[in-house]
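Reviewing the structure listed below.
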Amino acid sequence: PQQNLADIHEAIRLIGTACGARAAADTLLANLTRRAAAVRRAVAGRPRPRVLLCVGRDTASGQLAGMSIAGAHTYYDEIIRAAGGTNACTDTTVTYPEFSAEGVLQTDPGVIVDLIGMLSTDGRPAAQIAGQWDPLRAVAAVRQRQVYVIAGSHALRPGPRYPQLLEELGRLLHPQAFGQGVSHG
């Protein structure tokens, strides 16, 4: 499994070589590198908010318990840093610790990002899912209305679509930095 961006790039190289498509792999890698560099340039020198990235929870129940949070030295930690944030969950040796509402309160992030595979088929909008965090008003992110939902398989599967997640997160953390800057190619 890909644990970081370098692993994703290496997997693309290996697959490209094994399939006799090294030129296509090199083109893809150049595009991924260009898009990631554009985000890093756009957020360079800006304040780095503390981000809690939730990569798994039961949004159907609406309960804030049993949440999987991206810890240090993970693919998501690297994405947070590249997008101009600081991971709020770095004081654990567990890569994806399970958090309760109390854990979120203790961490007190400035931004919460809820990654979900897809918006529910029952029509529940992203705003309603983000609103499930409202009971935690003591948390800075909730008080300051800095709770976001990013939906889509690209958000939960480390792979060649990572620039899409990186661009989305960069725009959420630093909207003023992306007036013109990041392409979607």
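The values are calculated or read from the model by the stated rules, or taken from the named source; none is laboratory data. Because the structure is a prediction, the values reported are computed rather than measured. Note: ideal-geometry Cβ built from the backbone for every residue, glycine included; neighbour counts use all protein chains shown. Protein only, heavy atoms only, side chains kept; ligands, DNA and RNA dropped before computing areas. Shrake-Rupley method; radii C 1.70, N 1.55, O 1.52, S 1.80 Å.
One table, with the values for the structure above:
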{"read-out": "Close pairs from region 40-65: first over 17 Å from residue 132 (Cα atoms), partner part of a loop (DSSP other than H, G, I, E, B) and β-branched (Val, Ile, Thr), Cβ under 8 Å, at least 6 apart", "value": "42/182"}
{"read-out": "Some residue of region 20-27 being over 21 Å from residue 156 (Cα atoms) and outside any helix (DSSP H, G or I)", "value": "yes"}
{"read-out": "Residue among 59, 95 that alone is β-branched (Val, Ile, Thr), over 13 Å from the mean Cα position of the chain (by Cα) and closer than 30 Å to residue 25 by Cα", "value": "95"}
{"read-out": "Residue within region 73-84 that is of a type in the set (D, E, K, R) and open to solvent by 20 Å² or more (accessible area, probe 1.4 Å) present", "value": "yes"}
{"read-out": "Meets criteria (without any contact (Cβ under 8 Å) to a residue 60 or more places away in the chain and of a type in the set (Val, Ile, Thr)) for residue 107", "value": "yes"}
{"read-out": "Qualifying position, being at pLDDT 95 or above, open to solvent by less than 30 Å² (accessible area, probe 1.4 Å), under 20 Å from residue 75 (Cα atoms) and small (Gly, Ala, Ser), among 152, 170", "value": "170"}
{"read-out": "Top-ranked residue of region 1-55 - restricted to ones that are closer than 30 Å to residue 144 by Cβ and among the charged types (D, E, K, R), ranked as least open to solvent (accessible area, probe 1.4 Å)", "value": "35"}
{"read-out": "Residue 62 vs. criteria in a loop (DSSP other than H, G, I, E, B) and either closer than 18 Å to residue 4 by Cβ or open to solvent by less than 30 Å² (accessible area, probe 1.4 Å) (or both)", "value": "yes"}
